[in-house]
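Chemist: Sharing a structure here in structure tokens format.
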Amino acid sequence: MKTVRRMLYRDIGSSVLFVATAFLALSYFIDFVAELQKLNRPGYTLLRAVFSAGIELPGNLYELMPIAVLIGTIYALSRLAQSSEFTILRTGGLSPGRALRLLTVLALLFSAFTFAIGEYVVPLTERQMALMRADFSGGRKIGGTGAWLKERRTTDHGERSFSVNVSGIDGKGNLQGVRIFEFDADGRHLSRIRASYGVVGSDGSWTLSDAEITTWPAPGERADDEVQHRVEPTLRWPSTLSAGVVSAAVLPVKTMSAAELWRYSRHLSHQEQAAQRYQLQFWKKALYPLACIVLTALALPFAYLHARGGGISLKVFGGIMFGIGFVLLNNVAGHIGMLRGWTPWLVAAAPSMFFLLMSLAAFGWLVRYR
């Protein structure tokens with residue numbers, strides 16, 4: 001059985017590696033051509049285009065890995081079926097259950113590799129790409145209204161809530177256009193801080209540059225008190241908003257790992273902000289590596305096809321289309337789930353469960369009746 005396992009793993013592994021390399025080469029070419037269109041901008045060089053296209057390769061590999069696993073496994077198994085090698089393995093004692101277990105172990109290895117790429121490599125490269133683009137364009141603007149964060153904490157004057165708005169970031173990750181609004185427990189507006197730049201320290205405190213502080217009279221003070229206004233070149237603002245929470249709010253979702261998505265969605269829930277988008281992204285990122293198991297199970301029935309039955313190429317093409325349909329359904333389900341307000345983990349898991357049951361049903365039918 002060790003010989004059989006070694007042969008299957010070698011054939012499938014080499015096929016998946018070949019397909020993944022071909023896809024990466026194609027994606028790099030497309031990204032490089034897209035970057036070449038920026039050469040007319042001042043300061044944008046050919047070397048920068050080469051590096052920009054290359055830094056996107058880990059993200060492309062993460063997205064393409066399940067499809068590469070499907071196509072590579074289908075190719076390897078259908079080739080074994082066409083040459084009758086798999087039939088020989090079956091007569092030698094390779095039962096359907098044992099074949100399923102062998103491919104499940106291999107699929108788990110592919111899933112672990114995909115998870116490691118998506119959890120540790122892709123967030124770093126996507127963050128570097130976002131900062132590099134912000135540095136080249138003079139800053140990254142965050143939509144039309146910027147990013148909003150909320151914070152509640154108890155001070156010497158009682159319960160206070162803060163609404164923080166950040167309009168963008170620069171190439172070094174510093175915050176641009178910071179506005180901080182302070183409210184008391186009754187919702188009265190107490191103060192406002194405007195700053196050109198802000199840096200979040202390791203202890204959670206913010207260092208604001210060119211800060212303008214406007215303070216309104218607190219309740220119970222004399223009615224003739226005037227609004228106070230002052231300017232500080234540097235202002236230290238204590239906060240419980242950590243650098244990780246701020247980065248999650250101002251950078252693209254792709255820069256976040258599954259753990260960061262979970263922490264940020266918890267933060268939004270505690271602050272009574274909408275967290276469904278990040279909860280859905282967490283579950284999609286956590287379950288996406290398991291797509292390798294689903295698509296490997298979808299490829300297993302092709303080992304039981306008979307070349308004498310004809311149409312094997314058409315059947316292989318149909319299997320690949322089923323795999324692409326799985327990826328499309330996985331993406332569309334997320335958007336529909338957001339619009340309909342469905343449970344995030346159920347939206348993320350439903351396409352995988354549907355295709356897994358369908359592939360196992362096809363496998364059982366082929367084994368029993370063909």
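The values are calculated or read from the model by the stated rules, or taken from the named source; none is laboratory data. No experiment lies behind these values; they were computed from the predicted model shown. Ideal geometry is used to build each Cβ from the backbone, glycine not excepted, and the neighbour counts take in all protein chains shown. Note: accessible area is taken over every heavy atom of the protein model, side chains too, but ligands, DNA and RNA are not part of it. Shrake-Rupley method; radii C 1.70, N 1.55, O 1.52, S 1.80 Å.
Chemist: Over region 1-107, with the other protein chains present, what is the accessible area per residue in square angstrom, probe 1.4 angstrom? Please report the intermediate quantities before stating the final value.
Modeler: Numbers: 5600 Å² over 107 residues.
Roughly 52 Å² per residue, with all protein chains present.
Chemist: Rank Val245, Val50, Val327 by mean-square fluctuation in a GNM of the chain with C-alpha springs under 10 angstrom and give only the top-ranked residue.
Modeler: Result for the chain, Cα springs under 10 Å: Val50 fluctuates most.
Chemist: Leaving out same-chain residues fewer than 8 places away, which aspartates and glutamates sit with a Cα under 16 Å from that of Lys284?
Modeler: Glu63, Glu119, Glu260
Chemist: A further question on this structure: Check the straight Cα-Cα distances from Lys141 and name the lysines below 16 Å, setting aside those fewer than 8 residues away within the same chain.
Modeler: Lys172
Chemist: Assigning unit charges at the beta carbon (Lys, Arg +1; Asp, Glu -1) and nothing else, what dipole magnitude in debye, to the nearest 20, does the chain show about its Cα centre? Don't jump to the answer; show the numbers that get you there.
Modeler: Details: 38 positive and 26 negative charges, 428 e Å.
Charge dipole, the chain, about its Cα centre: 2060 debye, nearest 20.
Chemist: Counting alpha carbon pairs within less than 8 Å and at least 6 residues apart, what relative contact order, in whole percent, applies to the chain?
Modeler: Details: 536 pairs, mean separation 60.8, N = 370.
Taking the mean separation of contacting Cα pairs over the length of the chain, I get 16 percent.
Chemist: Residues of region 124-165: accessible area per residue at 1.4 Å, in Å²?
Modeler: Working: 2420 Å² over 42 residues.
Accessible area per residue, region 124-165: 58 Å².
Chemist: For region 16-61, what is the convex hull volume of its Cα atoms per residue in Å³? Show your work: numbers first, answer last.
Modeler: Details: hull volume 2.6 nm³, N = 46.
Each residue corresponds to 56 Å³ of Cα convex hull volume.
Chemist: Let me ask another. Between the alpha-carbon centers of region 91-144 and region 61-85, tell me the distance in whole angstrom.
Modeler: 18 Å
Chemist: Next question, about the same structure. Among Pro42, Pro66, Pro344, which one shows the biggest mean-square fluctuation in a GNM of the chain, springs joining Cα atoms closer than 10 Å?
Modeler: Largest GNM mean-square fluctuation: Pro42.
Chemist: Leaving ligands, DNA and RNA out of it, rank Lys254, Lys285 by accessible area with a 1.4 Å probe, largest first. Before the final figure, lay out the partial values.
Modeler: Numbers: Lys254 125, Lys285 30 Å².
The most accessible residue leads, giving Lys254, Lys285.
Chemist: Here's something else I'd like to know. I'd like the accessible area for Phe317: 1.4 Å probe, protein heavy atoms, all chains in place, Å² to the nearest 10.
Modeler: 110 Å²
Chemist: Is there a quick way to get the dipole size of region 148-239? I mean about its Cα centre, with the Cβ of Lys and Arg at +1 and of Asp and Glu at -1; what is the value in debye to the nearest 20?
Modeler: Numbers: 12 positive and 15 negative charges, 73 e Å.
I would put it at about 360 debye.
Chemist: Please name which of Gly244, His229, Thr255 has its Cα lying farthest along the dipole of region 225-269 towards the positive end, using unit charges on Cβ (Lys, Arg +1; Asp, Glu -1) and the Cα centre as origin.
Modeler: Of Gly244, His229, Thr255, it is Thr255.
Chemist: Shifting gears a bit: Can you figure out the FRET efficiency of Thr154 with Leu339, using R₀ = 41 Å and their beta-carbon distance, to the nearest 0.05? Walk me through the intermediate numbers first.
Modeler: Numbers: r = 38 Å, r/R0 = 0.93.
After rounding to 0.05, the efficiency reads 0.60.
Chemist: Using mean Cβ contacts within 10 Å as the protection proxy, how do 201-208, 346-353 order, highest first? Walk me through the numbers on the way to the answer.
Modeler: Values: 201-208: 14.9, 346-353: 18.5.
Averaged packing, sorted descending, gives the order 346-353, 201-208.
Chemist: Test of understanding: express the Cα radius of gyration of the chain as a ratio to 2.2 N^0.38 Å, with N the residue count.
Modeler: On the way: Rg = 27.1 Å, N = 370, 2.2 N^0.38 = 20.8 Å.
Against the compact-globule rule of thumb, the ratio is 1.30.
Chemist: Let me ask another. Excluding ligands and nucleic acids, what accessible area in Å² is computed for Thr87 using a 1.4 Å probe, to the nearest 10?
Modeler: Roughly 60 Å² of Thr87 is accessible to a 1.4 Å probe.
Chemist: Using 0.36 nm per residue, how much length does the chain from Ser83 to Lys141 gain when fully extended, once their Cα-Cα distance is taken away? Could you put the intermediate results ahead of the total?
Modeler: Numbers: separation 58, 0.36 × 58 = 20.88 nm, distance 5.75 nm.
Between Ser83 and Lys141, full extension yields 15.1 nm more.
Chemist: Efficiency by 1/(1 + (r/R0)^6): what FRET value for Ala350 and Leu108, r their Cβ-Cβ distance, R0 = 35 Å, to the nearest 0.05?
Modeler: Details: r = 21 Å, r/R0 = 0.61.
So the FRET efficiency works out to roughly 0.95.
Chemist: For His157, what accessible area in Å² do you get when you roll a 1.4 Å probe over the heavy atoms of the protein chains, rounding to the nearest 10?
Modeler: 150 Å²
Chemist: Let me ask something additional. Counting only protein chains, not ligands or nucleic acids, how are Glu85, Glu35 ordered by accessible area (probe 1.4 Å), most first?
Modeler: Values: Glu85 70, Glu35 10 Å².
Putting Glu85, Glu35 in descending order of accessible area: Glu85, Glu35.
Chemist: Less than 18 Å apart at the alpha-carbon level, and either on another chain or at least 8 residues along: which lysines does that give for Lys38?
Modeler: List returned: none.
Chemist: Okay, moving on. Taking all protein chains as present, what is the carbon and sulfur share of the accessible area of the chain, in % to the nearest whole number, probe 1.4 Å?
Modeler: Values: 12010 of 19780 Å².
For the chain, the apolar C and S fraction of the accessible surface comes to 61 percent.
Chemist: Here's another thing I want to ask about it. Picking from Leu36, Gly13, Leu24, whose Cα lies most toward the positive end of the charge dipole for region 1-45 (charges on Cβ: Lys, Arg +1; Asp, Glu -1)?
Modeler: In region 1-45, that residue is Gly13.
Chemist: Nearest 20 debye, what's the magnitude of the dipole of region 37-162 about its Cα centre given +1 on Lys and Arg Cβ and -1 on Asp and Glu Cβ? Spell out each step's value before the answer.
Modeler: Numbers: 15 positive and 9 negative charges, 39 e Å.
Taking the Cα centre of region 37-162 as origin, the dipole is about 180 debye.
Chemist: Helix-only mean residue ellipticity at 222 nm, the chain, DSSP H runs n ≥ 4 weighted -39,500 (n - 2.57), per residue, nearest 500. What is it?
Modeler: Working: 12 runs with 212 residues, N = 370.
It lands at -19500 deg cm²/dmol.
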